[in-house]
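A.B. asks: Just passing along the structure, written as structure tokens.
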Amino acid sequence: MLKGYEMVVGLEVHVELKTKTKIFCACPTDFGAEPNTQVCPVCLGMPGTLPVLNRQVVDFAVKAGLATHCTIASFSKQDRKNYFYPDLPKAYQISQYDLPLCEHGYLTIQTQEGEKRVGITRIHIEEDAGKLVHDEQLGTLIDCNRCGVPLIEIVSEPDIRSAKEAVAYVQKLRAIMLYTGISDCKMNEGSLRCDVNLSVHKPGTPFGTRTEMKNLNSFQSIERAITYEYRRQVEALESGEAIVQETRRYDQQSGKTYSMRRKEDADDYRYFPDPDLAPIVLTRAHIDALGAQIPKLPDARKADYVSRLGLSPILSERLTEKKEIADYFEQAAGYTRSPETLGNLIISEVFRLMGEGEGTRIPIAPEHLGAVAQMVADAYINSGTAKRLIGRMWEADEDPKAIVEQEGLAQVNDPEILLAAVHKALAQNPQAVDQYRKGKLNAAKALMGAAMRETAGRGNPLVLERLVNEQLAQGIEY
């Protein structure tokens, strides 16, 4: 804690639902269409138009609630939230206020200290606003394509106490939404974005005044914004400045937050039931039918990997973040007796080759990656060779065993051959040897690398490391 202050964080996560049409009209929801081409009188808020609720929006919201252990309301309603939205023509948003669809849920995150439960206050449905486009020549333009795109807003309890916990929460929430199939959760397209409410206090004292940071759409932005705002508030309080309740903008370039406007309370929105929309009434049979459509979720798979496969909770958490990755891992695990080696190859090499994008396609057959993992576990190849094999198969998938045999890539385990490589490496690098003996222990890593090069990258790294350290300890002059 900075100067004894604890941060208190609650998150409001907006998830765009993967429906073909908008929440109250038949306009499509395709991303990237030409501005103002996916609009109609209803989503443009023209006088005399009436909204008609998209039933799939309700079903998707219920699935989100069931997947996060919420109580599903058999009776709920929709309300008008009155507020000046420059990009929402009718100047109010249809949302839910006192009777949301889902309440009192939770999800579990994995931290370095272990598991932690974060409460979910509510999940409600609402419509999205449009988009402002700022142009240096033309000024500010309005694209109404996004008006009326269906959202769920997932509001957490103020249970989060660090930036890392906040990121873990959003990652877990994103994984659950992807598993249920209700959203594509593409943060780069805005279909999952996060508002952060943050305050600071000293333990044992009341919570402080909170600020809200709007529309964070990457894990990095969430972590950096929280880290900066926490420090800003602590430094303000330490200098005698009062924290005001306000909405702030996070600037990606500077890494700082800036005041936008004073934060409104619920009374300022003048909520009232939307007179054009009937209440939402759900039967127990319908809720149960939706629950039966939810697949095995990340936490259940994680528990299986820990208990049945012996994986660590942290490795299991990473493998279950995306359903497609978990499916692939389970297929590949059938071809190795070392699921831990396989899991580590996936989160290191496969994730690296996949990059930062939203795609999950792996061009290597599961049986081939399973075979690589088994060869590493059997010490038939080393980790460096495994890395090169995976990179090669990513471009053109082949049988890895055949590649190893044809190209002589098997690991060198013979101690005599490895000792000769170590002697040669030490003789060719007297400066590194001298640095090591003067106390610069990191020089051993350079000598280890030189010895590995003498084996064309095929030496057993554990044996090489032992031999390098033994030879250095003997004090032989090279």
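A.B. asks: In whole Å, what is the distance between the alpha-carbon centres of the stretch 290-309 and the stretch 1-72?
C.D. replies: 26 Å
A.B. asks: For the chain, just list the percent of Cα-Cα distances falling in each 20 Å bin from zero outward, please.
C.D. replies: 20, 43, 28, 9, 0
A.B. asks: Here's another thing I want to ask about it. Taking Cα atoms, how many degrees apart are the long axis of helix 366-377 and the longest axis of the chain, rounded to 10 and kept between 0 and 90?
C.D. replies: Value to nearest ten degrees: 40.
A.B. asks: Can I ask one more? Ranked by accessible surface with a 1.4 Å probe, highest first, in what order do F31, F75, F329, F60 come?
C.D. replies: Details: F31 140, F75 110, F329 0, F60 20 Å².
Correct descending sequence by accessible area is F31, F75, F60, F329.
A.B. asks: Relative to the first principal axis of the alpha-carbon coordinates of the chain, what is the inclination of helix 415-428, with its axis defined by its Cα atoms, in degrees from 0 to 90 and to the nearest 10?
C.D. replies: Roughly 90 degrees, rounded to the nearest 10.
A.B. asks: Let me ask something additional. With an 8 Å Cα cut-off and a minimum separation of 6 or more residues, compute the relative contact order for the chain in percent. Please report the intermediate quantities before stating the final value.
C.D. replies: Values: 869 pairs, mean separation 64.9, N = 478.
This gives 14 percent for the chain.
A.B. asks: May I pose another question? Relative to the longest principal axis of the C-alpha atoms of the chain, give the angle of the C-alpha long axis of helix 461-474, reported between 0 and 90° and rounded to the nearest 10°.
C.D. replies: Its long axis makes an angle of about 50 degrees.
A.B. asks: Ordered by packing density, taken as the mean number of other Cβ atoms within 10 Å over each peptide's residues, highest first, how do 418-424, 184-190 rank?
C.D. replies: Values: 418-424: 19.4, 184-190: 16.1.
Top to bottom by mean Cβ count within 10 Å: 418-424, 184-190.
A.B. asks: Let's test the formula: R0 of 45 Å, r as the Cβ-Cβ distance of K401 and R249. What FRET efficiency results, to the nearest 0.05? Please report the intermediate quantities before stating the final value.
C.D. replies: On the way: r = 55 Å, r/R0 = 1.22.
That pair, K401 with R249, gives E of 0.25.
A.B. asks: So, with a 1.4 angstrom probe, what is the percent of accessible area on the stretch 367-416 that is carbon and sulfur? Before the final figure, lay out the partial values.
C.D. replies: Working: 1110 of 2400 Å².
Its accessible area is 46 percent carbon and sulfur atoms.
A.B. asks: With a 1.4 Å probe and all protein chains left in place, how much accessible area per residue does the chain have, in Å²?
C.D. replies: 48 Å²
A.B. asks: Using a probe of 1.4 angstrom, how much of the accessible area of the stretch 77-221 is carbon and sulfur, in percent? Write out the running numbers ahead of the final one.
C.D. replies: Values: 2810 of 5720 Å².
The C+S portion of the solvent-accessible surface of the stretch 77-221 is 49 percent.
The values are calculated or read from the model by the stated rules, or taken from the named source; none is laboratory data. Not measured: the values here are computed from a predicted model. Heads up, the Cβs are rebuilt from the backbone with ideal geometry, glycines too, and the neighbour counts pull from every protein chain shown. Just so you know, the surface numbers come from the protein's heavy atoms only, side chains and all, with ligands and any DNA or RNA stripped out. Shrake-Rupley method; radii C 1.70, N 1.55, O 1.52, S 1.80 Å.
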